[in-house]
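Heads up: the structure comes next, in structure tokens.
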Amino acid sequence: MSDAYNTRETVSRAQAVSAFMRGVYAWMAAGLGITAFMAVTVANVPALKEAVFGTPGVALVLIIAQLVVVFVLAGRVNRMAAGTATALFLVYSALTGVTLSTIFFRYAQATITAAFVVSAGMFLVMSIYGTVTKRDLTSMGSFMSMGLIGIILASVVNIFLHSTAVDMAISYIGVFVFLGLTAYDTQRFKDMGLYAPVNDAAAMRRGSILGALTLYLDFINLFLMLLRIFGGGDRR
């Protein structure tokens with residue numbers, strides 16, 4: 001009886017993890033799709049391009065709105081209604097797409113495509129690693145988080161230095177950091193899925209949105225770091 005119960009418990013938990021992670025990746029994919037659509041649309045529709053970048057202050061307002069939405073969502077997602085969390089994530093994805101449309105003015109299409117494909121491949125490999133590894137990645141996550149703080153500080157300093165060498169160093173280190181964070185975050189949300197309240201649809205949705213947002217940010221930042229590396233000599 002005990003063995004049968006343990007088997008059912010194991011299967012139940014595996015199903016909970018699978019359901020939870022499917023939600024995470026589905027919402028992440030939806031967010032990336034909206035971001036790509038908005039970026040391409042703004043870059044290729046002259047009226048939108050002019051409205052966003054030709055009108056003083058609009059781009060700055062959008063960036064501020066983008067930051068406000070992501071901080072509110074990340075900090076309060078567990079206290080929100082599931083529908084509100086979902087809507088905010090989709091709004092954030094759209095705002096990110098608008099601000100990311102500038103890459104089409106700075107880099108050749110081939111460079112953007114190459115950076116995206118390589119980012120997707122690297123992300124997939126590290127996400128699979130985070131899913132299947134038996135190693136506890138907590139310490140690596142802490143180390144990568146410190147690396148992220150270092151990248152932010154170095155980026156701020158380089159605003160004044162305007163050093164191409166520093167910029168490239170930040171990009172290479174950033175690739176390493178966001179690959180590590182991808183594996184760590186995947187494992188973290190997989191572990192969260194073990195205890196996901198499968199009978200509480202709202203809680204499952206909020207958890208999936210938080211996971212989607214986290215991995216979405218890992219992917220976007222990895223893509224931007226690789227784009228800067230690939231496009232080092234290809235900027236328009």
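The values are calculated or read from the model by the stated rules, or taken from the named source; none is laboratory data. Given the structure is predicted, the values throughout are model-derived calculations rather than measurements. Neighbour counts run over all protein chains shown; Cβ positions are idealised from the backbone, glycine included.
Against the test of being hydrophobic (A, V, I, L, M, F, W, C) and in contact (Cβ under 8 Å) with a residue 60 or more places away in the chain, the options ALA94, ALA47 yield a single qualifying residue, ALA94. Of the residues making up the stretch 36-54, not a single one is of a type in the set (Ser, Thr, Tyr) and either under 19 Å from the mean Cα position of the chain (by Cα) or modelled with pLDDT under 95 (or both). Does ALA65 count as of a type in the set (A, V, I, L, M, F, W, C) and surrounded by 15 or more Cβ atoms within 10 Å (Cβ to Cβ)? Considered against the rule, which asks whether it is of a type in the set (A, V, I, L, M, F, W, C) and surrounded by 15 or more Cβ atoms within 10 Å (Cβ to Cβ), ALA65 comes out as yes.
This table checks each residue for (1) surrounded by 19 or more Cβ atoms within 10 Å (Cβ to Cβ); (2) within 23 Å of VAL175 (Cα to Cα).
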| site | (1), (2) |
| --- | --- |
| ALA39 | yes, yes |
| PHE53 | no, no |
| ARG76 | no, no |
| SER93 | yes, yes |
| GLY97 | yes, yes |
| ALA108 | no, yes |
| THR113 | no, yes |
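Would you say GLY180 is without any contact (Cβ under 8 Å) to a residue 60 or more places away in the chain, within 24 Å of MET21 (Cβ to Cβ) and in contact with a Phe, Trp or Tyr (Cβ under 6 Å, 6 or more places away or on another chain)? In short, no.
Matching residues to (1) within 26 Å of TYR25 (Cβ to Cβ); (2) aliphatic (A, V, I, L, M); (3) out of contact with any Ser or Thr (no Cβ under 8 Å at 6 or more places or on another chain):
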| position | (1), (2), (3) |
| --- | --- |
| PHE105 | no, no, yes |
| PHE116 | yes, no, yes |
| VAL132 | yes, yes, yes |
| SER145 | yes, no, yes |
| TYR172 | no, no, yes |
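Considering the stretch 100-207, the qualifying helices (runs of 4 or more DSSP H), each wholly inside and each with 1 or more residues that are at pLDDT 95 or above, touching a helix residue (DSSP H, G or I) at 6+ places or on another chain (Cβ under 7 Å) and hydroxyl-bearing (Ser, Thr, Tyr), run over 109-132, 164-194. With respect to THR55, determine if the residue is under 21 Å from ARG106 (Cβ atoms) and not in a helix (DSSP H, G or I). So THR55 passes the test. When VAL69, VAL77, VAL40 are checked against the criterion of being in contact with a Lys or Arg (Cβ under 7 Å, 6 or more places away or on another chain) and either part of a helix (DSSP H, G or I) or hydroxyl-bearing (Ser, Thr, Tyr) (or both), VAL77 stands alone in meeting it.
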